[in-house]
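The values are calculated or read from the model by the stated rules, or taken from the named source; none is laboratory data. Owing to the predicted nature of the structure, the values given are computational and were not obtained by experimental measurement. FYI the Cβ positions are ideal-geometry reconstructions off the backbone, even for glycines, and counts take in every protein chain you see.
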Amino acid sequence: MANTMRSWIEDHSGRVYKNFINGEWVESKGGQTFPLYESAFPEKVLGYFPSSNKNDVEHAIQAAHDAFHLWKKTTASRRAKILNDFANLLERNEEELAYILSSEQGKVLSESRGEVKRAAAEARFNAGEAYRVTGMTIPSEIPGITCRVISPPLGVIAAISPWNFPIVTPVRKIAPAIAYGCTVVLKPSSDTPWSAVRLIELLQEAGLPQGVVNLINGSGNKVGDSLVTHPLVKGISFTGSTKLGIQINSEAAARLIKTQLEMGGKNAAVVANYHDLEAAAKQIVSAAFTCSGQRCTAISRVVVLEEQANGLIDHLKANMEAIQVGPAWEEKASMGPVINQHQHENILEYIELGKREGAEIILGGTVAKIENNKEGFYISPTLFINVHKDMRIARDEIFGPVLVVIKAKSIEEAIEIVNSSEYGLAVSVFTDSLSISNEFSERAEAGMVHVNHGTASQSHIPFGGVKNSGFGAFSIGHSNQDFYTSSKAIYVKA
């Protein structure tokens, strides 16, 4: 595996890539590029990507707008076939996509393969959604009048995706847009543009008509701002930081256009009267340290009733000690580096802050030393105990391999601690009590509740949060129709 991935990366590194607009690969109008560096080898250039500007954005949006007039009339069967073919191509190219993803983002190959599989599953679900565009026929209060409501596609969608899931997140935005008859301008993160290029190539191979999906690479300041304020953009699907999501929503509100925002999280797992602490710890650690903790649904807080705290902490520590930190291509590695130096330094600063706040580290808290890969930005899985809810390490989204444990005297206090966060994305509760399960599920201020398992979502279930974690229609599943379509009432007199 190691030699295969390393040799593939060596053979495919250093190329110059272009934007994809109106069915063609084109250079940025400014002619500038930026280098992409490998996560595990930060001095190694993987490729050069367009540093696009406002003129490129204008070109892409106009192409999407022109394509929309034909694409919205395309039959459901054709849209479904393209998405099914795309899903098949994702599965057929799984290993290559995993190499690209792991090289630019850093996650281990097993996780990258899983992400490709998940992207294929979501694309395939949305192929079916093309046939499930719903409307209503409503009884009229006036004889001779037929009343119905239809759901026409929204128009041009600005899809802005993050670096932590650079394959599944763009697919999560593009696939429903295709299914419902919208067109797209995709702006991937500048930290992971290579995955987006390969996705577009596969969409092209699947037979997607020109202009339906367009790709613009570049910085948020030069590309993102022009994209979200353009008058031809009718919807913005954004995944990223809460701060930027709120800014985008403010700009969209001024134009009265739709937003679908997936933002930050400080997700908690509550353990209360649960018989199998070892199983709970295994689920929590998996949810906490997948993608090196760099995912919005990562569990980063554990709230446990005092009588079970010591036992749970022992099991958490044991499961964390079993994590093998290393580069993506190492077969034994179960957690890779964080994506870049900025992220690395930010996480280490939070670890030092936790110490100053009075929390106790019982595992990790240091830079992980990796043999034969000293360049990568590695951090040992870190476990804090003696944490109070008001500490910043218990409130802020650290977005790294750091887990904190907070003790509670009662389930009432545990729920209060969970809900004290500004975020409300996902929560878990591990309990044998049906009454605790029901009470927690009803009272937890979160968009997704998981009972007796970690914060893992599925490819057909609505995904989203409340408070500072989300806004607008939930993504994944049929709830996407609420975002990608509008409502139109039609009255017909016979």
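Points to keep in mind about this one:
- Residues within the stretch 59-95 that are of a type in the set (D, E, K, R) and either exposed (fewer than 15 other Cβ atoms within 10 Å of the Cβ) or not assigned by TED's automatic domain parsing to the domain that holds TRP194 (or both), tallied: 3
- Residue within the stretch 136-157 that is part of a helix (DSSP H, G or I), modelled with pLDDT of 95 or more, among the hydroxyl-bearing types (Ser, Thr, Tyr) and at negative phi present: no
- Matching entry among VAL116, VAL171 (being β-branched (Val, Ile, Thr) and under 30 Å from ASP66 (Cα atoms)): VAL171
- Residues being in contact (Cβ under 8 Å) with a residue 40 or more places away in the chain and charged (D, E, K, R) - total across the stretch 279-326: 5
- Scanning the stretch 22-78 for residues that are assigned to a strand (DSSP E or B), closer than 13 Å to GLN210 by Cβ and hydrophobic (A, V, I, L, M, F, W, C) returns TRP25, VAL26.
Here is a yes/no grid of residues against (1) more than 22 Å from ALA473 (Cβ to Cβ); (2) without any contact (Cβ under 8 Å) to a residue 60 or more places away in the chain; (3) charged (D, E, K, R):
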{"site": "VAL418", "(1), (2), (3)": "yes, no, no"}
{"site": "TYR423", "(1), (2), (3)": "no, no, no"}
{"site": "ALA444", "(1), (2), (3)": "no, yes, no"}
{"site": "VAL449", "(1), (2), (3)": "no, yes, no"}
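- Wholly enclosed strands (runs of 3 or more DSSP E) of the stretch 178-286 bearing at least 3 residues not aliphatic (A, V, I, L, M): 233-239, 258-262
- Within the stretch 1-25, residues that are farther than 17 Å from VAL185 by Cα reach partners that are of a type in the set (Asp, Glu) with beta carbons closer than 7 Å, at six or more positions or on different chains, in the pairs MET1/GLU331; ALA2/GLU330.
- Of the candidates GLU38, GLU10, GLU24, the single residue that is of a type in the set (D, E, K, R) and buried (at least 19 other Cβ atoms within 10 Å of the Cβ) is GLU38.
- A single entry from THR183, THR169, THR134 fulfils the requirement of being among the polar types (S, T, N, Q) and surrounded by fewer than 24 Cβ atoms within 10 Å (Cβ to Cβ): THR134.
- Residues in the stretch 114-129 include none that are touching a residue at least 12 places away in the same chain (Cβ under 8 Å), of a type outside the set (Asp, Glu) and not in a helix (DSSP H, G or I).
- Any hit, the stretch 326-347, residues being in contact with a Leu (Cβ under 6 Å, 6 or more places away or on another chain), in a helix (DSSP H, G or I) and either among the β-branched types (Val, Ile, Thr) or under 29 Å from GLU422 (Cα atoms) (or both): no
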